[in-house]
Amino acid sequence: MVGSVKAVNANVQLLWDLEFTSLLNNAALKQLDPVSFNTYSEMRNSKHVSPSTKLFCTQCPFVWLGKAILINEHTKWHRDIKDKEDGWCCIVYFGNFSNGDLFLPDLKLRLHIEAGDVVFLRSYAFVHFVDEWIGEGRFVVVYYTSKDVFEAHKLGEAADME
């Protein structure tokens, strides 16, 4: 029991530590794509989200409901098929590393990535992967919201109209 309490406390502390970064990412999305920002905000505040999501939303001001923390991970070519088709993810890079460029083959694009960089990506729409990196540690926080959350919200609103 003590170990699980410590783990929960550590996770809650991490959420608070990321709060400022998350607020900046919210503001950036609002400028980048105000329509998507409003869609995410409406869905986040919907009465049709689960009780656990409602609790999360009262404590955390993020428009994205999911957060993946990747520690020293390499990714192969993929699309995030569980994300909303026209949705955004926000990727924030931390650590002491070099190389690790982000590739978007569909766009024939290679982005040089450094600690402190933030990338907004339509992760369902574009195949992407990360090149091999070197260094002491590479930490990536990916903010996303699963398309299932949007679909549940839409179904709930449709039921309200009946």
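Coordinate-derived values only; no laboratory data. Since the model is a prediction, treat every value here as computed from it, not as a measurement. Here the Cβ is made from the backbone with ideal geometry for all residues, glycine too, and neighbour counts use every protein chain on show.
Between SER98 and HIS74, the distance separating the two model label sites (each 7 Å from Cα on the Cα→Cβ line) works out to 1.8 nm. Each Lys and Arg contributes +1 and each Asp and Glu -1, all at the Cβ; summed about the Cα centre of region 65-104, the dipole is approximately 100 debye.
When each of the peptides 83-96, 112-125 is scored by the mean number of other C-beta atoms lying within 10 Å of its residues, the order from highest to lowest reads 83-96, 112-125. The distance between label points at VAL35 and GLU114 comes to 3.5 nm (points 7 Å beyond Cα on the Cα→Cβ vector).
Approximating the spin labels as points 7 Å out from Cα along Cα→Cβ, the LEU23-to-GLU151 distance works out to 3.5 nm.
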